[in-house]
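*Asks:* Quick one: the structure is below, and I'll ask about it shortly.
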Amino acid sequence: MAQPQAGDWEFTLGGSGVSDQDFDSGGYSVAGSFGYFVTQNFELAVRQNITFADAGPDEEWAGSTRLAADWHFILGSFVPFIGANIGYIYPEQGSTWAAGPEIGFKWYVHERTFIFAMGEYAWRFKDFDDAEDNSDDGHFAFTVGVGFNIGGR
């Protein structure tokens, strides 16, 4: 049966990229996650991203570490999910907290192997008191990749 099961561990590896129309500036991101299915539908995960951006003369590396909780809708091999994450973003200048909703889907191409696409909106804040004030001043991030469920069935 091609779908997650309660007690499964999950590992994903993905990436994304962006460029201007002349390929003079842009960036890329590599993402990984490690999760655990508490139930067949509910997953808790830790996500790590590493990003490089080149905007002409300026180059910058950044990373983020986030905790996520997602609810999966089991529709056979197609498994959409929705959830939220919170974590820390640490660019070369100005580390900050971030939080936001996320949505995506997994398409199981084998019993324990899937491809996925995910989009998230994150807003940054220095402390939890000003998180609400910044909720309309965030950014979108998109990731595509491959994942694997690991566990006894």
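The values are calculated or read from the model by the stated rules, or taken from the named source; none is laboratory data. In this text, all values refer to a predicted model and were calculated from it rather than measured experimentally. Virtual Cβ from ideal backbone geometry, glycine too; neighbours counted across all protein chains shown. Ligands, DNA and RNA are stripped out before the accessible areas are found, and what is left, the full protein with its side chains, is counted by its heavy atoms. Shrake-Rupley method; radii C 1.70, N 1.55, O 1.52, S 1.80 Å.
*Asks:* Taking the radius of gyration and the Kirkwood hydrodynamic radius from Cα positions alone, what is the Rg/Rh ratio for the chain, to two decimal places?
*Replies:* With Rg and the Kirkwood Rh in hand, the quotient comes to 1.01.
*Asks:* With the other protein chains left in place, how much accessible area per residue, in square angstrom, belongs to the chain at a 1.4 angstrom probe?
*Replies:* That works out to 56 Å² for each residue.
*Asks:* Through the Karplus equation 6.51 cos²θ - 1.76 cosθ + 1.60, θ set to phi - 60°, convert the phi angles of region 8-15 into ³J(HN,Hα) values in whole Hz; use x for Gly and Pro.
*Replies:* Computed from phi, the couplings for region 8-15 are 6, 9, 9, 10, 10, 9, x, x Hz.
*Asks:* Probe radius 1.4 Å, ligands and nucleic acids ignored: give me the carbon and sulfur share of the accessible area of the chain as a rounded percent.
*Replies:* 64
*Asks:* Sorted by packing (mean other beta-carbon atoms within 10 Å per residue), highest first, where do 23-34, 112-123 land?
*Replies:* With the highest mean Cβ count within 10 Å placed first, the list reads 112-123, 23-34.
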